[in-house]
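Everything below concerns the one structure shown next.
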Amino acid sequence: MLPYFTDFYGNASSNHTFGKKAKDAIEKSRVQVSSLINCNNKEIIFTSGATESINLGIKGYVEANSDKGNHIITVKTEHKAVLATCEYLESKGYEVTYLDVDKNGLINLEELTNSITNRTLLICVMYVNNEIGVIQPIQEIGKIARENNISFLCDATQAVGKIVVDVEEDNIDMLCFSGHKLSGPKGVGVLYKRNNIILTPLIHGGGQENELRGGTYNTPLIVGLGKASELALSEFKSNTTTLLKKRNELKEYYETNNIGVVNFQEVVTAPHILSITLKDQEAEEFLMLKSKEFVASTGSACNAAIVEISHVLKALKILENKTIRISF
């Protein structure tokens, strides 16, 4: 990233030599990112992060495709970026169905199918839950969406780089993630959208990103995300092995020492997130006592300032404040 802060500082939208060097670097990053999720590089839109990507994907899609319907289906355990966007759209007259999850945090595919109406135009389900690490049956969800001619948006922020994500095999129409979740810089993200998906832009301006996101390119951050994507792909097997080893060590430590029990062992979870229910201590008290040894959270960073049970745990009917979330 460093040369693009100093030597190659040109505006990537300009036609001069400085601009061309920056634009070439951005297009290289687009290829690196597309290789990670198996899509055409022309289908990659760079944003400021997954939250913006989610907003562009959901708001942009429903506005551009209002003739198809006014109903969205999502899940009670989604990230706040999805839930808050859907709540906003409800205030504008859209209808939203919030699916329940079972004790393992998974949706019921039959309930999803039964929730579809002739006014449903979008399904939004996250790949890996950011608090509990549970992996939804994305391929099957995408198939249901496709069979019903409904677009499928997937928040894959906690999945990309940690598990295999393939937008073709998974039947995903739009996919969002952030750079900092795969060792890239903060402040940059991606919205993948299939070529046939039409969106209305959130940010109007100079027509960057195929006229879907106006504004001067943040070249250094995009370059960083591209490199992080390249490394995530080339080091995937070794990284996954390391994460699983660490995960198993932590699981054994907590259970052997009778500190707590690892949740969701009946289902497949991502290799980098552990949800642990403590046996004898409140979550906040435990983390405060351990704060010099490690940093962890009772939920996601987006909810860390709110000292209450997270919406994810409430949806799982976990009402005691004894659950912590460790990610690494």
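What follows draws every value from the coordinates through simple rules; no lab data is involved. Everything numeric here is computed off the predicted structure, so don't read it as measured data. Ideal geometry is used to build each Cβ from the backbone, glycine not excepted, and the neighbour counts take in all protein chains shown.
Structure above, values below:
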quantity: Matching residues in the stretch 184-196 - criterion: being assigned to a loop (DSSP other than H, G, I, E, B) and in contact with a Leu (Cβ under 7 Å, 6 or more places away or on another chain); calculated: Gly184, Pro185, Gly187, Val188
quantity: Strands (runs of 3 or more DSSP E) contained in the stretch 1-118 and holding at least 3 residues touching a residue at least 60 places away in the same chain (Cβ under 8 Å); calculated: 44-47
quantity: Hits in the stretch 79-125 - residues which are aliphatic (A, V, I, L, M) and closer than 15 Å to Phe264 by Cβ; calculated: Val101, Leu106, Ile107
quantity: Matching residues in the stretch 168-180 - criterion: being touching a residue at least 60 places away in the same chain (Cβ under 8 Å), out of contact with any Lys or Arg (no Cβ under 8 Å at 6 or more places or on another chain), under 21 Å from Lys237 (Cα atoms) and buried (at least 22 other Cβ atoms within 10 Å of the Cβ); calculated: Phe177
quantity: So Ile203, is it of a type in the set (Val, Ile, Thr), more than 19 Å from Asn41 (Cβ to Cβ) and in contact with a Lys or Arg (Cβ under 8 Å, 6 or more places away or on another chain); calculated: yes
quantity: Single residue of the stretch 235-273 satisfying the filter (under 26 Å from Glu285 (Cβ atoms), hydrophobic (A, V, I, L, M, F, W, C) and within 22 Å of the chain's Cα centre (by Cα)) that is surrounded by the most Cβ atoms within 10 Å (Cβ to Cβ); calculated: Ile273
quantity: Looking only at the stretch 107-130, and only at residues there that are β-branched (Val, Ile, Thr) and surrounded by fewer than 16 Cβ atoms within 10 Å (Cβ to Cβ), the one that is nearest to Ile197 (Cα to Cα); calculated: Thr117
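Rundown of residues vs (1) within 17 Å of Ala315 (Cα to Cα); (2) not hydroxyl-bearing (Ser, Thr, Tyr), yes/no style:
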{"position": "Tyr94", "(1), (2)": "no, no"}
{"position": "Thr117", "(1), (2)": "no, no"}
{"position": "Gly133", "(1), (2)": "yes, yes"}
{"position": "Asp155", "(1), (2)": "no, yes"}
{"position": "Phe177", "(1), (2)": "no, yes"}
